[in-house]
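Some notes on the structure that comes next.
The values are calculated or read from the model by the stated rules, or taken from the named source; none is laboratory data. Model, not experiment: these values are computed from the prediction. Because the Cβ atoms are built from the backbone with ideal geometry, glycine has one as well, and the counts that use them run over all protein chains shown.
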Amino acid sequence: MLRMLKKLWCYVRHVSGDDAYEQYLKHHAEFHQATVDAPPALSRKEFFKLWQDSKWKGINRCC
Amino acid sequence: MNKNIKTMLWVAVALLGAFAVAGIALNRGESINALWLITAAVCVYAIAYRFYAAWIAAKVLVIDETRATPAERLDNGRDFVPTNKWVVFGHHFAAIAGPGPLIGPTLAAQFGYLPGTLWILIGAVLGGAVQDMVTLFFSTRRNGRSLGQMARDEIGVVGGSAALIGTFLIMIILIAVLGLVVVNAMKHSPWATSTVAATIPIAMLVGVYMRNIRPGRVLEASIIGVVLLLLSVGLGGWVDHHETLRSLFDHDGLPLAYGIILYGFAAAVLPVWLLLAPRDYLSTFMKLGTIMLLAIAIVILRPDMHMPAVTQFVDGTGPIFGGKLFPFVFITIACGAISGFHALIASGTTPKLLGNERDIRMIGYGGMLLESFVAIMAMIAATVLEPGVFFAINSPAGVVGKEAVDAIAKINSWGFAVTVEQMQQLASDMGESTLFSRTGGAPSLAVGMASIFGSAFGKELLALWYHFAIMFEAIFILTTLDAGTRVGRFMLQDLLGNFNKKLGETSYTPSVILTSSIVVAGWGYFLYIGVIDPNGGVNILWPLFGIANQMLAAIALCVATGILVKSGKLKYAWVTGMPLIWLVTITTSAAYEKIFSADVRVGFFAAANDMAAKLSAGTLPTDKVAVAPQLIFNQHLDAYLTMFFVVVLWVVILDMVRLCLRYLGGKPVLKLSEVPHEPSRLVENWVRD
């Protein structure tokens, strides 16, 4: 039961983008740490700005 | 053994579904239980998803699980991200399900519950869900390219431009009609107006919280916002009883329309994080929550539907909108059965998140089935009302008369029982001064929902439930309005950028103000006309929107059919060709009637001529004389706009047919723009957190 609730909570966080920054850090560590002159990861605030702006560039709401 | 049980299970589902469909189709009694509709819908969806969708995925599209998706190949951690399929499903559904599937079925209920229900089920299963799935698939195979780009790459420049223009115009009409629905819900209702107004500062507060106070804490901010929204519904009741505050929020349609136009402009110019993005979070949470609540309430309560299966208005004399059952039920219900707008979501945003091609069936086909189910619930909420009450709320004053007594007499003459006292009692139960002539679907849906929620969770809170439902619809109508205006602005800036580089820059302030003004003026004009039109405006705008939306769907199906033929799958081209032919039939015949019909309630020219004749003969009442010239001009404009839609549609179709004939004749055609196969590196059990 507790595990189910935990899973549901993870899902809600994921779907709403609440954990987008953590996902980004994971992605950054995985793909960009290998190179020496890799840019440092963005701060939470900077990332959220970019993420939100790119989300609202195209058509993402319908009738 | 296991296989036998499965077969038996599916046979049982098929039988149950057939039984339920036959039950609702053949019932001619007084009323029928809503559970029949739910059962029929669930069985039809299950069968279609298990067999038809699976067959399309395996045989027609030939989905390849081992192929890397754009999200995997182009992963950048931001817009291209391989994402858990349930999360993509959530995003996709939140994007496609707007107010459309709630409004369309409510309006179409004037024909009775049966025609709309059958079209929602059949249209979704054979048309809408297929369109969404194949568009998602083709876009995934093309790095998430948009519908317009795919049309250009696969059919040619003509198809591409047509899709672009179609998208822009549909946006303008859609926003106008949605704005009108909100205005009709807020007209002389201080409670509704103050609650809707309160959503603006609440959204801004949430925006600032997410951006600056606790950056990126989306859930915290949303929970605070939702609580504030619920409080604002209660607060609206207090405002309604307050002498001075009440008058601040008690307005005619026109000032409210100006307010919405101003608001739309502000929302398009202000940064997204301040208003648009936080409002979208709130509306998504409200939407999902309320739809779930409605489903639970319907299952617990199993209400009876009081609307007849088929009403006499199938002959074209309906009070909400004129026009016969064919083709107008198919135009009125677009979202919920087949909606071209979805093709814009299925190409673009969603394919960039898709981790594996095998999820296309669930997200594309399944997502549309869920939206179709929302439409079925809207149909139930509209038809649980007594038909007399339903028509009293939805019939415009221009049809039934301004005075309650006249309206009631007119509705009684159609054979639907309702009394003035009954309507007064209902209005005071709902905390409103009147419920007459609130055309547009939102108020009658709110009354339906309030009575369902009221009987499931307590009757004494009816007024709260009603205004909660109004707030819930208004908040995501306004989200569509904001987002649509913004997208229109981007499209216009993109276009102007071809002539002047500076104007094409999305952050160049003069360009932002210029293009936002043009877009807002576009829908603002139609909204204004809709509000001053004594026939309610919905009568004109909703069919126009339906035609535009179905036209876009036809363009998407054209692109898909063209690609299928070019891939050497002529024998499967009927999968998209069949809904395409149906859409072309209904849009063309609806457009023909809207333009050429001699019935003044259907034909644009007929209405314009009729009004011009009355104006020159001096038989119009004085309040109509002032607005008559504008209405006449608008009827002409609508007629030409409809003509334009049909011409665009046929140009794309002929272009697609030309392409197919060339291909089949062995002549050179535009090459398929599919990205070459690359094996997926994500193993079977890739992280599905």
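Exactly one residue out of B:Thr66, B:Thr39 is touching a strand residue (DSSP E or B) at 6+ places or on another chain (Cβ under 8 Å) and among the β-branched types (Val, Ile, Thr), and it is B:Thr66.
For region B:71-93, the count of residues that are within 14 Å of another protein chain (Cβ to nearest Cβ), in a helix (DSSP H, G or I) and without any contact (Cβ under 8 Å) to a residue 40 or more places away in the chain is at least one.
Taken over region B:311-344, the criterion of being away from chain A (no Cβ under 14 Å) and not in a loop (DSSP other than H, G, I, E, B) is satisfied by B:Gln312, B:Phe313, B:Val314, B:Asp315, B:Leu325, B:Phe326, B:Pro327, B:Phe328, B:Val329, B:Phe330.
Conditions (1) buried (at least 20 other Cβ atoms within 10 Å of the Cβ); (2) over 28 Å from the mean Cα position of the chain (by Cα), marked per residue:
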site: B:Met491; (1), (2): no, no
site: B:Phe499; (1), (2): no, yes
site: B:Thr509; (1), (2): no, yes
site: B:Ser516; (1), (2): yes, no
site: B:Ala521; (1), (2): no, no
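Rundown of residues vs (1) closer than 30 Å to B:Leu664 by Cα; (2) surrounded by 19 or more Cβ atoms within 10 Å (Cβ to Cβ); (3) in contact with a helix residue (DSSP H, G or I) (Cβ under 9 Å, 6 or more places away or on another chain); (4) basic (Lys, Arg), yes/no style:
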{"site": "B:Ile547", "(1), (2), (3), (4)": "no, yes, yes, no"}
{"site": "B:Ala554", "(1), (2), (3), (4)": "yes, yes, yes, no"}
{"site": "B:Ala591", "(1), (2), (3), (4)": "no, yes, yes, no"}
{"site": "B:Lys594", "(1), (2), (3), (4)": "no, yes, yes, yes"}
{"site": "B:Asn609", "(1), (2), (3), (4)": "no, no, yes, no"}
{"site": "B:Leu615", "(1), (2), (3), (4)": "no, no, yes, no"}
{"site": "B:Pro621", "(1), (2), (3), (4)": "no, no, no, no"}
{"site": "B:Ala639", "(1), (2), (3), (4)": "no, yes, yes, no"}
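Can you spot a residue in region B:547-555 that is in a helix (DSSP H, G or I), away from chain A (no Cβ under 14 Å) and more than 30 Å from B:Asn394 (Cβ to Cβ)? Yes, because at least one residue in region B:547-555 is in a helix (DSSP H, G or I), away from chain A (no Cβ under 14 Å) and more than 30 Å from B:Asn394 (Cβ to Cβ).
The condition (being surrounded by fewer than 23 Cβ atoms within 10 Å (Cβ to Cβ) and either within 19 Å of B:Gly318 (Cα to Cα) or at pLDDT below 95 (or both)) is satisfied by just one residue among B:Gly441, B:Gly401, B:Gly366: B:Gly401. A single entry from B:Met186, B:Met150 fulfils the requirement of being closer than 16 Å to B:Ser347 by Cα, buried (at least 24 other Cβ atoms within 10 Å of the Cβ), among the aliphatic types (A, V, I, L, M) and touching a residue at least 40 places away in the same chain (Cβ under 8 Å): B:Met150.
With a requirement of 2 or more residues that are within 13 Å of chain A (Cβ to nearest Cβ) and among the aromatic types (Phe, Trp, Tyr), the helices (runs of 4 or more DSSP H) lying completely within region B:238-310 that satisfy it span B:276-301. Specify which of the listed residues (B:Ala109, B:Ala129, B:Ala176) is within 14 Å of another protein chain (Cβ to nearest Cβ), part of a helix (DSSP H, G or I) and either out of contact with any Asp or Glu (no Cβ under 8 Å at 6 or more places or on another chain) or buried (at least 24 other Cβ atoms within 10 Å of the Cβ) (or both). Within the list B:Ala109, B:Ala129, B:Ala176, the selection yields B:Ala176.
Residues in region B:345-362 that are farther than 9 Å from B:Asp132 by Cα and in a helix (DSSP H, G or I): B:Thr350, B:Pro351, B:Lys352, B:Glu357, B:Arg358, B:Asp359, B:Ile360, B:Arg361, B:Met362. Scanning region A:27-49 for residues that are modelled with pLDDT of 85 or more and closer than 15 Å to B:Asp79 by Cα returns A:Phe47, A:Phe48, A:Lys49. If you check B:Gly104, B:Gly100 for being in contact with a helix residue (DSSP H, G or I) (Cβ under 6 Å, 6 or more places away or on another chain) and within 14 Å of another protein chain (Cβ to nearest Cβ), only one passes: B:Gly104.
Residue-level check: of (1) within 14 Å of chain A (Cβ to nearest Cβ); (2) closer than 21 Å to B:Tyr281 by Cα; (3) not charged (D, E, K, R), B:Val181 misses just (2). I need the full set of residues from region B:1-46 which are surrounded by 12 or more Cβ atoms within 10 Å (Cβ to Cβ) and β-branched (Val, Ile, Thr), in order please. If the condition is that a residue be surrounded by 12 or more Cβ atoms within 10 Å (Cβ to Cβ) and β-branched (Val, Ile, Thr), then B:Val13, B:Val21, B:Ile24, B:Ile32, B:Ile38, B:Thr39, B:Val42, B:Val44 are the ones that fit. Based on what the data block shows, is B:Trp523 at pLDDT 90 or above, of a type outside the set (Asp, Glu), within 19 Å of B:Val384 (Cβ to Cβ) and in a helix (DSSP H, G or I)? Spelling it out, it is not the case that B:Trp523 is at pLDDT 90 or above, of a type outside the set (Asp, Glu), within 19 Å of B:Val384 (Cβ to Cβ) and in a helix (DSSP H, G or I). Contact annotation: residue pairs with Cβ atoms under 7 Å, 6 or more positions apart or on different chains, pairing a residue in region B:457-482 that is farther than 16 Å from B:Leu235 by Cβ with a partner that is in a helix (DSSP H, G or I) and acidic (Asp, Glu), are B:Leu462/B:Asp429; B:Thr479/B:Asp280. Going through (1) away from every other protein chain (no Cβ under 14 Å); (2) part of a loop (DSSP other than H, G, I, E, B); (3) touching a Lys or Arg at 6+ places or on another chain (Cβ under 8 Å) one by one, B:Gly216 falls short only on (1).
Considering every residue within region A:33-43, establish whether at least one is without any contact (Cβ under 8 Å) to a residue 60 or more places away in the chain and at the interface with chain B (Cβ under 7 Å from one of its Cβ atoms). Checked region A:33-43: no residue is without any contact (Cβ under 8 Å) to a residue 60 or more places away in the chain and at the interface with chain B (Cβ under 7 Å from one of its Cβ atoms).
If I ask for residues that are under 17 Å from B:Leu370 (Cβ atoms) and at pLDDT below 95, which ones from region B:295-333 would you list? Hits for region B:295-333 are B:Ala295, B:Ile296, B:Ile298, B:Val299. Please find, within region B:471-489, the residue that is modelled with the lowest pLDDT out of those that are surrounded by 24 or more Cβ atoms within 10 Å (Cβ to Cβ) and in contact with a Pro (Cβ under 7 Å, 6 or more places away or on another chain). Within region B:471-489, the match that is modelled with the lowest pLDDT is B:Phe476. Kindly provide the set of residues from region B:630-658 that are closer than 20 Å to B:Cys558 by Cα and among the acidic types (Asp, Glu), ordered by number. Selection gives B:Asp655 alone. With respect to the conditions (1) more than 7 Å from chain B (Cβ to nearest Cβ); (2) assigned to a loop (DSSP other than H, G, I, E, B); (3) among the basic types (Lys, Arg), A:Lys6 lacks only one, and its number is (2). The one condition from (1) buried (at least 23 other Cβ atoms within 10 Å of the Cβ); (2) in a helix (DSSP H, G or I); (3) under 21 Å from the mean Cα position of the chain (by Cα) that B:Ser451 does not meet is (3).
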